[in-house]
Structure formats: C-alpha cells, structure tokens
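The values are calculated or read from the model by the stated rules, or taken from the named source; none is laboratory data. These numbers were taken from a predicted model, which means no experiment stands behind them. Glycine also receives a Cβ, built like all others from the backbone with ideal geometry; neighbour counts cover every protein chain displayed.
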Amino acid sequence: MDVVTLSRIQFGLNISFHYLFPPLSIGLSLLLVLMEGCYLWTKNPVYERLTKFWVKIFAVIFAVGVATGLVMVFAFGNNWSNFSRFVGDVFGSILGAEGIFAFFLESGFLGILLFGWNRVSPKVHFFSTLMVSFGAHFSGLWIVIANSWMQTPAGHKIVGEGAGRHAVIDNFWQVLMNPSSLDRLTHVFLGCWLSGSFLVLSVSAFYLLKKRHLEFAKKSIKLGLSVATIAVVLQGISGDSTGRGVAKHQPIKLAAFEGVYKTDPATPMTLVGVTHPKKEKTTGISVPGLLSFLVYRNFSEPVPGLDQYPKELWPKVGVVFQTYHGMITMWVLMLIAVILTLIALKRKKLGSSKWTLRFLVFSVIFPQVANQLGWYSAEMGRQPWAVQGLLKTADAASPSVSRGQVLGSLFLFSFIYLLLFILFIYLLDKKIKTGPPTEDEKPEVEEYRDQWSTKIGT
Amino acid sequence: MAAIGFYAVLDGFDLGVGAMHLFIRKDEHRRVFLNAIGPVWDANEVWLVIVAGALFAGFPAAYATLFSALYTPLIGLICGLIFRAVAIEFRSKHESKLWRGSWDVLFCLASIIIAIGVGVVLGNFIHGIPLNENHDYQGGAIVDFLHPYTLLVGLLSLATFMMHGSIFLVLKTEGELQETLRRWVPRTIVFFLFAYVLTTFATVIFREHMVNRLREHPWLLLIVLASVVSIGAVPYCMHRREHGWAFFFSSMTIAWLLCLFAIGTFPVLVRSTVQPAVNSLDIFNSAASPKTLTVLAVIVAIGIPLVIAYGFYLYRIFRGKVKLDHMSY
C-alpha cells in the first residue's frame, strides 16, 4: 500500500475513533442543560442526582474526546502537508476560530461544571453547564463548516501556479455559508442529539429492566425520549434536505449513494439491495420514480446517473452505496425504538414491556453506527477529491513522509485506540452498574456546601 | 508568539506538576496534585491548539513543512498528549493500587514527554532542518532533529516547567505537604539554572545566528537582563515565602526566554540548515494572503479578550488551596 492509501487509512482511523465521543458530548451536554434546568425549576432532588450522575459520565466522554481531538490538529500537517499548504488560508482560519471561540469556552467552563459545585451559586453553575454545551456545539459548528467547504467550496480564490497553487479567502462569509453548510450542520447536530439521548434512553431502560433507581430512571427516560423523538423526526426531514443538496452540488456522490448508473426518467430508488459497480447494475427492492420525486419533487425528472461522468471521477460505489443505506437503516431503527417506547409509555406499561426495554438498551449503538456510516459516505463519496473540484486526494498527502513512518504510526494509533476503547467501555459500564448515589448518600453534598460557605463567609 | 507564551506559562505548570507526580508517594497527595490542575489543565492545553491553528492559518507553508518534517517526534508528542489527558480523568476512578499506580506512571511519563517534546520542536526552530529551494523537507525520519542541541532545549523546557509547576503546587497546598513541596523548589531551580546556562552557552557557541539580532540592536540586551533578574527573583521570593510573587517571576522567566527565542529567530519560521538564506521559510514567504490575515486578526481581536476574561474568572473561582471532595479527581 502506498503512502496516500496508508495516510487515508490512518486519518480514517483517527477521525472515526474521535467521532465516537464529541457527538455523545454534544448530545449529553444538551441533556445536562435540561436536567439541571429541571432541577433549578422544580427543586426536585431527583434532578440533582440525575445531573451529578450524568456529569461524571460526561467528564469521561469529554476527556477521551479531547485526547483524540488533539491528534486531529496535528494530523492535517503531519500526513496531509500538501492539503495544508493548499487550504491553509481557508481551512486553517476556520480551525483557528474553532479554537479561540469554542474550545476555550467549553474547556474553561468545564472546570466549573465538574468542580465548581460548591464554589459558585446554583445559577452560576447552570450558566457554566449552558456554556459548556454551547461551546461543544460551537466547536462542532466550525469543523462541520470546514468540512462543508471541502465538499462545496465557495468564497475563495485560487492563486499561484504549480506547487505554489493554493486557495485564499475572497469572502469569508461565503466561505462559512457555503452551499452545504446549513444542511450539514443541522444533520450533524441532530445526529449528536440522537447519540446523547439514546445513551440516556439506553441506561434508563437498563435500570427499569433491573428494577433499580426507578424514580431516577423514569425521569431520565422522559427527558431522553423528548429529545430523541424530536431529533429522530427532524433528522428524517434533514436527511431529505441534505440529500437534495448533495444531488445539486455533488451529483456524482448522490448517484453513487443510490447506485444509479443510467440516467433514465422516473429514476427508481433502491430501498435495500446490492450494487455491482463493474456490471453497473443495482439489484434489490426498488420503487420506480421515488428518487426523482425526492430530488426534484416530480416523479419523472431523471436524476443524473454515473454514466454522465468519467469513470476516474467515480468514488467507490460499492462501498458508499452500503454505508449510505446502512445509515438510513439505523435511522429507521431509531424511529422504531422511539415509537415502541412512546406506545408503551402511553399504555403506562413501559416498566413491564421487557422486549421494548431490551431493544432500548441495545439501541444505544444505532446513532453511533449511523454517525460513522454517514461520515464514511460523505468522505468516501467525495473521492477522488480532497477538496471537491480543486484538489485531488492523491495530490494532498505529505511528500516527505515515508511509508514506514505512516505504517508505524498507524500501528501505534490502532493499539492506543484499542486500549482506550476497552478502558472507556469498562469505566462507563462500571459507572452505570454502580448507578447514581441513593438517598442516604445525599447528606454528603449538604455537608460540603455548609463547610465551604462558612469558609468563604457567604 | 503570544499564544506560545500563554501556552508555556499555563500548560507549563500543568506539565511541571505532572513531571513531579511520581516523586510524591501518598495516594491522597497524588490526588491533591491532580486536583490542583484539575479544573484548569484542559483550558490551558487549548493554547497549544491555538499555536498549531495560528500556524496553520497564518503561515500554512510553515505549518505544512514543519509538521510533516517533524512527523516522528510529533507522533511521540501526540501520544504524550493523549495519555496525559486520559490519565488525569481515568486515574482515580478505581480504588485498586495497580490501576492508580499505572495511571500515575503514565501521567508522569506523558507530562515529561510533552515537556521535552515541546522543547525539542522549539530547538528545531533554532537549529534548523534541511530544506531545499522549494522549502521541502530533505532529511530523514529521526536523526535530523534529535541531536544534542535540540535535546538540550528539550531538557531546558522540562526543567523550566518543573520549576514553574513546583511553585504552583506550593501555592495550592497547605500544611505538611506544602512544607515538603517548598523543599523541592530550590532543587528544581538548580536544575533549571543548570539547563539554562548550558543551553545559553550552546546557543551562543553553536547557533551564533541567534545572537545576530542582539548585536544589531544592543538595547535588546535589556531583555537578557530582565530574564536574569526574573530568574534571580524566584529563589528570593521563595525564601521570603512570597509564593505568589515567585510564581509571577517564574512566569516572567518563561516569557523573557520566549522573547529571546523570538528575537533570535525572527523573521525565520522554519530555518533551513542547507542554504539558510535562500531555503528557509520565514514570515514573509510563508504567510497567508492579506485578506486571510485580516480575518484572523478579527477573530483574535474578538476572541482573545473573551478568553482572557473568562480565564481570569475561572482562576478566581478556583483560587486557594486544594480541597478534596466527592466530585474531585
């Protein structure tokens, strides 16, 4: 395998592992705001226990997210120096904004969120929780905008020749508001909220199944379900809108996603099936005219097939077809989970619906898989381009880095990530099985609050 | 440069605390170490991201060349960063001695690796790496940047952070632990002085170009004087139990040293050992376009004051001695 392929694998590994954590952080941060908000509003101590329990889980997720995220800042320069030279003005500026505006906000207020319980008033603490959540969302915003610029570049100018050819900012607002930013931001945030809410749903369902911490679990399942329901419905709408955006600005990608080789009127949509890029055929259960309708809102307008584009511009159709359909399948499963839970709650039978609860516990992986598959579709679907229409991936790697170096770092990262993943699951599992502190442990909090208040004289 | 300064002063003490972690034995004391930096280390580390980001956005060619050339040592640095972050969070989550002991070792080693790594990178700025006329890196994977001079700068970096971290710990502790730590500070100062003198000599003798600017503008020697005064003030303040001032002068020492670094290297960013006059990347030939630099200036103008404002607020809230409770590390 050559350096470019190895570098792609390494970057893929780095970013895939990293992406297990920020969506959970972002989603969970929203739920933390809701939980602590409920506590301040209702003064019900159950909400305080909820918040403190989930804050501890949040901290672990956030730490691994930071640890794996740091790698990314270096990765662009390490393995993709030609890419960095080409996009530095644009991409680097967006990343700089992410660091200055978002990272400091979330990390700074995280200190108060985790450790400031007894040092600030409850209102100030809630403000910190809000700031951490806002910061986390804000950092997601910048990086998605940066990636969106790679998909649908805008607001830039190309200057220089040969090796010195690169992109510079022409209109920063147009860079930020490039054609795919808004759709993809919505799509990603909804994916994050689904990650967070399904984690809460899963853990709550677990407690209901084991008949432990019942009051705690009932409150948290309602909070998780509210977010999950809204998010899963909106995600369907967002998926449709994003898909139409891809059809307009990255038609080759859409054709690959849907396995459309020939440009025919009333283009069918294959719901489930297999695509054969060599034979240029897609087999499976398909609905005639559906794709035309989804893209153009009429059943007959032909959707451009891969036949309109030279083969060297095709991405790996066989792979992205499956990742794209897999992502949608996950959404369907999440929808089912939400519907089943809503039905059981309406009938007031959730506590005894063992199979629904088991499904809910298992459902925590649906948003995780969806997020991963979605990104694989987006990134692999953009190939052979690193920056659509401007820079090919084959030209983007670091010329001075050798095969041996990348192979070495690839093994190293794989080993480290495997270790971290095992430890992460272990700690999460341990915390969940231990559960939140019961009523008798509560006095501990009051004691410290009184101690500290006397010390600082408030 | 300011970002490097902020990073060094802030994450510097985090790293210093980490580097000394294994020297203290009791579990409770180790928890104090972790909680001294607990609420602030993450935000401090963000300054490193800013340094990399500023380089990427402002001087893309320099970022690209440097980060790909220094591939191997940077991977080492990354591993250090990963393990330090994870160690702090994971360490106290389990009662077992094996668990805590292992994470203590990882936290300490990772902090040391980061401290030395940061120094080695700065050392390579001073020493230079082989570049050709297209400013592409010519050298090998390891040997070209892990030689005595850069390792010496790495050592200086470690020593500085340990001194800085030990003073920070004295500020954050009380009673018997504080007395123990007060006795450590002079040792770290000696370590620092040793590394500082050695590095200064090595720089003046082997990396003469660093002194050129001082020769051209002799008034800059005032900065050298300022750094010497700062260094002297540290043990003086410690002796008089003015720990806050000691920390201030320790921070100033770091600032002055970085000033000297900047003065010596300006305007070169990535110095070439081959044909330095022609092949090096400086702020002129690797800068982003004027429009980009304007955008960056605006981002900085809006963002940094905000960062400093709530940074101050954060440190104010967590001022005073470390107190362990059920939400601590």
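Condition check ((1) closer than 21 Å to B:Leu193 by Cβ; (2) in contact with a Leu (Cβ under 8 Å, 6 or more places away or on another chain); (3) free of Cβ contacts under 8 Å to residues at least 40 places away in the same chain) across all residues:
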position	(1), (2), (3)
B:Glu208	no, no, yes
B:Val211	yes, no, no
B:Leu220	no, yes, no
B:Val229	yes, no, yes
B:Val234	yes, no, no
B:Arg240	yes, no, yes
B:Gly244	no, yes, no
B:Ser250	yes, no, no
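Suppose we filter B:Ile78, B:Ile37 for residues that are more than 8 Å from chain A (Cβ to nearest Cβ), surrounded by 24 or more Cβ atoms within 10 Å (Cβ to Cβ) and of a type in the set (Val, Ile, Thr); which single one remains?
The conditions single out B:Ile37.
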## Note on the structure
In the stretch B:198-246, residues that are aromatic (Phe, Trp, Tyr) and within 17 Å of B:Trp256 (Cβ to Cβ) total 3
### Query
Right, A:Ile112: touching a residue at least 60 places away in the same chain (Cβ under 8 Å) and either buried (at least 23 other Cβ atoms within 10 Å of the Cβ) or on the phi > 0 side of the Ramachandran plot (or both) or not?
no
#### Entry: Filter result for A:Ser398 (surrounded by 15 or more Cβ atoms within 10 Å (Cβ to Cβ), within 30 Å of A:Gly243 (Cβ to Cβ) and either without any contact (Cβ under 8 Å) to a residue 60 or more places away in the chain or hydroxyl-bearing (Ser, Thr, Tyr) (or both))
no
### Task
Restricting attention to the stretch A:358-390, report how many residues are crowded, with 23+ Cβ neighbours inside 10 Å and within 14 Å of chain B (Cβ to nearest Cβ).
0
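Kindly indicate the residue of the stretch B:276-295 that is touching a residue at least 40 places away in the same chain (Cβ under 8 Å) and assigned to a loop (DSSP other than H, G, I, E, B) and also nearest to the other protein chains (Cβ to nearest Cβ) among those meeting that condition.
Just the residues of the stretch B:276-295 that are touching a residue at least 40 places away in the same chain (Cβ under 8 Å), to begin with: B:276, B:278-281, B:283, B:285-288, B:292-293.
Of the ones still in play, those that are also assigned to a loop (DSSP other than H, G, I, E, B) are B:280, B:283, B:285-288.
Values: B:Ser280: 16, B:Ile283: 14, B:Asn285: 10, B:Ser286: 9, B:Ala287: 10, B:Ala288: 4 Å.
Checking each candidate, the answer is B:Ala288.
More than 25 Å from the chain's Cα centre (by Cα), modelled with pLDDT of 90 or more and either aliphatic (A, V, I, L, M) or crowded, with 21+ Cβ neighbours inside 10 Å (or both), is that true of A:Leu407?
Yes: the conditions hold for A:Leu407.
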### Message
Out of the residues in the stretch B:82-109 meeting the condition of being under 16 Å from the mean Cα position of the chain (by Cα) and surrounded by fewer than 24 Cβ atoms within 10 Å (Cβ to Cβ), tell me which one is farthest from the other protein chains (Cβ to nearest Cβ).
### Response
B:Cys108
### Task
Would you please list the contacts, defined by Cβ atoms under 7 Å and residues six or more apart or on different chains, that run from a residue in the stretch B:302-313 that is on the phi < 0 side of the Ramachandran plot and in contact (Cβ under 8 Å) with a residue 40 or more places away in the chain to a residue that is part of a helix (DSSP H, G or I) and surrounded by 13 or more Cβ atoms within 10 Å (Cβ to Cβ)?
B:Gly311/A:Gly108; B:Gly311/B:Ala43
### Task
Being in contact with a Phe, Trp or Tyr (Cβ under 8 Å, 6 or more places away or on another chain), among the aromatic types (Phe, Trp, Tyr) and over 22 Å from A:Trp375 (Cβ atoms) is the filter here, so list the residues in the stretch A:204-260 that pass it.
A:Tyr207, A:Phe216
### Task
Please give the helices (runs of 4 or more DSSP H) falling wholly within the stretch B:1-115 in which 2 or more residues are under 30 Å from B:Phe284 (Cα atoms) and either in contact with a helix residue (DSSP H, G or I) (Cβ under 6 Å, 6 or more places away or on another chain) or not acidic (Asp, Glu) (or both).
B:2-19, B:41-58, B:60-69, B:71-90
### Task
Would you list the helices (runs of 4 or more DSSP H) that sit entirely within the stretch B:125-242 and hold 3 or more residues that are of a type outside the set (Ser, Thr, Tyr) and farther than 27 Å from B:Ala62 by Cα?
B:148-172, B:175-206, B:221-239
### Summary
Residues of the stretch A:92-105 being more than 7 Å from chain B (Cβ to nearest Cβ) and either in contact (Cβ under 8 Å) with a residue 40 or more places away in the chain or of a type in the set (S, T, N, Q) (or both), in sequence order, are A:Ile94, A:Glu98, A:Ala102
### Checklist (1) over 22 Å from B:Ile4 (Cβ atoms); (2) under 25 Å from the mean Cα position of the chain (by Cα); (3) among the basic types (Lys, Arg) applied to B:Arg271, failing item
(1)
### Task
Would you kindly identify the helices (runs of 4 or more DSSP H) lying entirely within the stretch A:176-262 that contain at least 2 residues that are within 17 Å of the chain's Cα centre (by Cα) and either without any contact (Cβ under 8 Å) to a residue 24 or more places away in the chain or surrounded by 21 or more Cβ atoms within 10 Å (Cβ to Cβ) (or both)?
A:181-210, A:214-249
### Query
Is it true that some residue in the stretch B:237-250 is closer than 30 Å to B:Arg215 by Cβ and away from chain A (no Cβ under 14 Å)?
yes
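Quick check, is B:Ile112 in contact (Cβ under 8 Å) with a residue 24 or more places away in the chain, crowded, with 24+ Cβ neighbours inside 10 Å and more than 7 Å from chain A (Cβ to nearest Cβ)?
no
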### Summary
With criteria (1) buried (at least 20 other Cβ atoms within 10 Å of the Cβ); (2) within 14 Å of another protein chain (Cβ to nearest Cβ), B:Val298 comes up short on (1)
### Query
Quick check: anything in the stretch A:12-24 of a type in the set (A, V, I, L, M), more than 23 Å from A:Ser133 (Cα to Cα) and in a helix (DSSP H, G or I)?
yes
